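Remarks on the structure that follows.
What follows is calculated from the coordinates using simple rules that are stated; it is not laboratory data. Remember, predicted model here, so these are calculated numbers, not experimental data. Cβ: placed from backbone, ideal geometry, glycine included. Neighbour counts: every protein chain shown.
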Amino acid sequence: MTHARLLALVLAVAAASYALRALPLALLRRPLRNPRLVAFIERLPYAILAAMVVPDVFSSTGEPVSAAIGFAVALLLALLGRSLPLVAAAATAAAIAAFFALRPDPSPAASPAPEPISATAPEPPPPEDFRDLSENAARSSNPPRPDL
């Protein structure tokens, strides 16, 4: 997720949350009496946040199965009423464990053998021929400056 997209998501959630709190004050002159409408308005910011976060959860690991396992752990712990840090830590640990458990193990035969390390140092490059530089400098009006 890029920084621009993350910033856009945060601003969208902030705008939606603010609008849901400010519009009733501006538009309604008396309190709402319909309990269903009140419940809807109270839960709408959470639904908007979930609608923006859940699609990114399934593409976060690059492996849909491990992401689904992490999401299932988070959902289960959240439904059991556990704290947010515990839910986040357990879901992350489950997704990472599933990612490494489901990853195919590379066999040693499939990978090439490493090249042996040479005991000798590489050859230094040959020195430049300074005679060519001095001949070219004599012909040009701007002679090259020696590097100090």
Distance between modelled label sites at residue 56 and residue 13, nm, 7 Å Cα→Cβ extension
0.7 nm
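Just want to confirm a number: the relative contact order over the range 61-102, from Cα pairs under 8 angstrom separated by 6+ residues, in percent. Walk me through the numbers before you get to the answer.
On the way: 39 pairs, mean separation 23.3, N = 42.
The normalised contact order for the range 61-102 reaches 56 percent.
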Percent breakdown of C-alpha pair distances by 10 Å bin, ordered from the shortest bin, for the range 1-58:
20, 44, 23, 11, 1
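Please report the orientation-averaged projected area of the range 61-102, defined via the convex hull of its C-alpha atoms, in nm².
Details: hull surface 9.9 nm².
Projected over every direction and averaged, the Cα hull of the range 61-102 covers 2.5 nm².
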Listed peptides 20-27, 91-98, 56-63 by packing density, highest first (mean Cβ within 10 Å):
91-98, 56-63, 20-27
